[in-house]
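Enquirer: Dropping the structure in here first, questions after.
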Amino acid sequence: MRFLVTLLLLASVEVAGAQTKTTQALDEKYDGLSLFFYRNTLRMLNQKDDPAFDELIKDIEKMRFMMINKVESNFTDSDYKKLLDGYKSEAYEEMMSGRADGRTFTVYLRETNGNVKGTVILAKDEESVMVLDILGKIAINKVPEFFSAIDNSTDIGGKIKDFMSDDDKKNEGAIEKDNKAGNN
């Protein structure tokens, strides 16, 4: 089952496109983890058949998840402000901001005739910036729970940990190299 889920995850990465120009520009400018999901792919991540998770994703048509290591990519607070301004320029309105689990969250919605057509959720902490660019919607009060579900997903959580540990390995390699250079 895990093999099938992983295979579908990889296939969805190849097929999907960005929901917003701002997210696409972010992906082009910074190296990071970028994953795409469709509703069916998200449902397959619910390996425990948790009805609460199904409820969380019921109004998501397509989702892009991005994670950028701030230090590795030289991503600054100014870059974050430009990112927020980019979403505003695409007719997204800030609906909520807050803190949970050591992260700052900002939620943007784009509505047409009172219906939510797009949702962008940004989360940042000391080490990284995460973007969920969603075609569809998620209950705003469930945003921290949704990030927790993503973090705790075996497949997505594993990819995130691999991404973060790759950065750690690069840093360890650079330190080792510096130490060897200093000893010569």
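Enquirer: So Glu14 fits all but one of (1) in contact with a helix residue (DSSP H, G or I) (Cβ under 7 Å, 6 or more places away or on another chain); (2) among the acidic types (Asp, Glu); (3) modelled with pLDDT under 85; what number is the exception?
Expert: The single condition Glu14 does not satisfy is (1).
One line per residue, one yes/no per condition, for (1) closer than 25 Å to Arg39 by Cα; (2) modelled with pLDDT under 95:
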| position | (1), (2) |
| --- | --- |
| Asp85 | no, no |
| Ala91 | yes, yes |
| Arg99 | no, yes |
| Arg103 | no, yes |
| Leu109 | yes, yes |
| Lys117 | yes, yes |
| Ala123 | yes, yes |
| Ile134 | yes, yes |
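Enquirer: Only one of Arg99, Arg103 is surrounded by fewer than 14 Cβ atoms within 10 Å (Cβ to Cβ) and farther than 19 Å from Leu135 by Cβ. Can you tell me which?
Expert: Answer to the check: Arg99.
Enquirer: Going residue by residue through the stretch 63-73, is there one that turns out to be loosely packed, with under 13 Cβ neighbours inside 10 Å, modelled with pLDDT of 90 or more and within 18 Å of the chain's Cα centre (by Cα)?
Expert: Yes.
Enquirer: If we keep just the residues of the stretch 17-30 that are touching a helix residue (DSSP H, G or I) at 6+ places or on another chain (Cβ under 6 Å) and modelled with pLDDT of 70 or more, which is nearest to Glu93 (Cα to Cα)?
Expert: Per the criteria, the residue is Thr22.
Enquirer: Moving on. Quick check: anything in the stretch 31-52 at pLDDT 90 or above and of a type in the set (Val, Ile, Thr)?
Expert: no
Enquirer: Oh, and also: Select from the stretch 109-124 the residues that are more than 14 Å from the chain's Cα centre (by Cα) and hydroxyl-bearing (Ser, Thr, Tyr) and list them in ascending order.
Expert: Selection gives Thr112 alone.
The values are calculated or read from the model by the stated rules, or taken from the named source; none is laboratory data. None of these values were measured; they are calculated from a predicted model. Note: ideal-geometry Cβ built from the backbone for every residue, glycine included; neighbour counts use all protein chains shown.
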